[in-house]
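Enquirer: First the structure, then my questions, so here it is.
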Amino acid sequence: MREIVLINITGEDRPGLTAAITGVLAQSGANILDIGQAVIHDTLSFGILVEIPSNAEASGVLKEVLFTGYKMDQQVRFTPVSEAEYAAWVGGQGKSRHIVTLLTRQVTAEQLRRVSSITARYGLNIDHIDRLSGRVALGADQSRSKGCVEFSVRGEPDDAAALRAEFLSVAQELNVDIAFQQDTVFRRNRRLVVFDMDSTLIEAEVIDELAKAAGVGEQVAEITERAMRGELDFRASFKERVGLLKGLSEDVLAEIAARLPLTEGAETLLRELKRLGYKTAILSGGFTYFAKHLQAKLGFDYVFANELPIVDGQVTGEVLEPIVDGQRKADLLRELAQREGISLEQAIAVGDGANDLPMLSIAGLGVAFRAKPLVKQSAKQAISTLGLDGVLYLLGYRDREGE
């Protein structure tokens with residue numbers, strides 16, 4: 001009679017172990033039903049589920065496996081698996097899978113406890129846990145360090161909305177980010193990333209910088225803040241703000257463009273996206289003049305923003321149509337996806353303001369970056385703890401895979 005046995009091997013990682021164990025099993029004609037291996041700090045955890053055929057003596061095979069492990073300083077444990085248990089395991093392979101991603105400056109036991117407790121409470125089983133971030137030296141500056149742990153979970157949450165709400169609440173409490181997304185073929189095949197510019201790619205609102213130079217900084221900043229919170233219509237507020245810039249010298253634009261501070265992680269993110277073959281675009285409610293500056297610096301494929309009319313070396317205070325507002329951003333995302341021959345599921349959108357929500361909602365992966373509370377609650381995912389390169393972790397990217 002055939003036997004199904006789970007073999008667990010632990011010990012110091014040694015080259016040739018897998019070959020030695022499978023070599024013993026090969027002599028009996030065993031079939032491999034499942035296999036997995038992980039190495040943490042040079043310590044191996046190796047599992048292999050085998051079917052030993054009826055014409056082989058199972059006890060002799062397992063004795064030889066035990067002896068082989070002993071010779072290589074490994075601990076070996078055997079667990080018999082009934083055919084009914086195996087059939088139930090096979091039957092579960094069609095279950096939905098999701099990815100839970102924890103992003104933080106420093107990974108702690110409390111963070112992992114809270115995330116794993118929530119997943120269990122909503123009926124999700126953890127299959128794999130992987131560290132995506134690089135190794136961090138003891139005593140490293142935590143203000144710029146990166147920590148990311150990815151959980152691969154199986155099942156469908158009992159209440160997806162409540163699960164997301166609890167993740168958001170815990171994220172705010174612990175000052176971390178927790179992303180929850182379905183693990184589909186599209187997640188592993190994104191092809192286009194579109195970005196808002198102000199307070200996303202750069203740590204500034206250009207129109208506020210222009211307003212300071214024009215002597216109307218406080219007025220414009222107040223209007224900008226209310227618009228980003230979703231309290232004012234973007235189009236109306238945009239026209240009002242631009243009108244206050246009338247008479248500003250064109251020379252000021254060049255000075256401001258030269259000193260715009262890039263957001264943490266922006267250069268790393270764009271470099272890696274280009275290396276991996278992604279198309280990238282700026283879809284901004286700001287101004288083309290500054291978006292083109294970023295395009296030259298970071299290598300964006302497309303730029304769509306608002307024109308700032310200048311006559312006789314001075315800003316006119318007028319607005320040219322079409323204004324790139326929230327709906328225009330969503331329309332542009334659709335157009336770019338069609339132009340690139342991809343589905344919206346393969347698109348990523350990143351932004352911080354209420355006028356970014358339309359494009360965040362239709363992209364396969366919509367990320368609210370260091371966003372206002374309304375935007376964080378409405379977007380599919382949110383990153384507030386790390387820099388822009390944290391977006392790479394949501395794609396399953398590992399730091400060791402970088403250049």
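The values are calculated or read from the model by the stated rules, or taken from the named source; none is laboratory data. From a predicted model like this one, the values you see are computed outputs, not experimental measurements. A quick note on method: Cβ atoms are made from the backbone with ideal geometry, for glycine too, and the neighbour counts reach across all protein chains shown. What goes into the accessible areas is simple: the full protein's heavy atoms, side chains included, and nothing from ligands, DNA or RNA. Shrake-Rupley method; radii C 1.70, N 1.55, O 1.52, S 1.80 Å.
Enquirer: How many residues are of a type outside the set (Ser, Thr, Tyr) and in a loop (DSSP other than H, G, I, E, B) if we restrict to segment 169-207?
Expert: Selection size over segment 169-207: 13.
Enquirer: Kindly evaluate Lys279 against the criterion of being surrounded by 15 or more Cβ atoms within 10 Å (Cβ to Cβ), touching a residue at least 12 places away in the same chain (Cβ under 8 Å), in contact with a Lys or Arg (Cβ under 8 Å, 6 or more places away or on another chain) and basic (Lys, Arg).
Expert: Yes.
Enquirer: Can you go through Arg105, Arg113 and tell me which one is in contact with a Gly (Cβ under 9 Å, 6 or more places away or on another chain) and within 30 Å of Leu386 (Cα to Cα)?
Expert: Arg105
Enquirer: If you don't mind, there's one more thing I want to ask. Only one of Ile32, Ile7 is farther than 15 Å from Phe78 by Cβ, part of a strand (DSSP E or B) and among the β-branched types (Val, Ile, Thr); which?
Expert: Ile32
Enquirer: Let me spell it out: the conditions are (1) under 26 Å from Ser384 (Cα atoms); (2) touching an Asp or Glu at 6+ places or on another chain (Cβ under 9 Å); (3) of a type in the set (D, E, K, R), and Glu209 meets all of them except one. Which number is the exception?
Expert: Every condition holds for Glu209 apart from (2).
Enquirer: Restricting the search to segment 357-387, which residues are at pLDDT 95 or above and more than 18 Å from Thr101 (Cα to Cα)?
Expert: Listed by number, the residues that qualify are Leu357, Pro358, Met359, Leu360, Ser361, Ile362, Ala363.
Enquirer: Looking only at segment 10-22, filter to residues that are of a type in the set (D, E, K, R) and not in a strand (DSSP E or B); which one of those is most open to solvent (accessible area, probe 1.4 Å)?
Expert: Within segment 10-22, the match that is most open to solvent (accessible area, probe 1.4 Å) is Arg14.
Enquirer: Applying the selection to segment 35-56, what residues are in a loop (DSSP other than H, G, I, E, B) and in contact (Cβ under 8 Å) with a residue 12 or more places away in the chain?
Expert: Asp42, Pro53, Ser54, Asn55, Ala56
Enquirer: Would you list the helices (runs of 4 or more DSSP H) that sit entirely within segment 208-273 and hold 1 or more residues that are of a type outside the set (Val, Ile, Thr), in contact with a Gly (Cβ under 7 Å, 6 or more places away or on another chain) and crowded, with 19+ Cβ neighbours inside 10 Å?
Expert: So the answer is 217-228, 234-243.
Enquirer: Taking the condition of being over 21 Å from Asp130 (Cα atoms) and either surrounded by fewer than 16 Cβ atoms within 10 Å (Cβ to Cβ) or in contact with a Phe, Trp or Tyr (Cβ under 8 Å, 6 or more places away or on another chain) (or both), how many residues in segment 23-45 meet it?
Expert: Selection size over segment 23-45: 7.
Enquirer: Residue check: is Thr288 under 17 Å from the mean Cα position of the chain (by Cα) and surrounded by fewer than 21 Cβ atoms within 10 Å (Cβ to Cβ)?
Expert: no
Enquirer: Now for a separate question. Do we have any residue at all in segment 320-338 that's among the polar types (S, T, N, Q), at pLDDT 95 or above and closer than 22 Å to Leu102 by Cα?
Expert: Looking for residues that are among the polar types (S, T, N, Q), at pLDDT 95 or above and closer than 22 Å to Leu102 by Cα, one finds none in segment 320-338, hence no.
Enquirer: A further question follows. Considering only helices (runs of 4 or more DSSP H) fully contained in segment 294-403, which possess at least 1 residues that are buried (at least 24 other Cβ atoms within 10 Å of the Cβ) and without any contact (Cβ under 8 Å) to a residue 12 or more places away in the chain?
Expert: none
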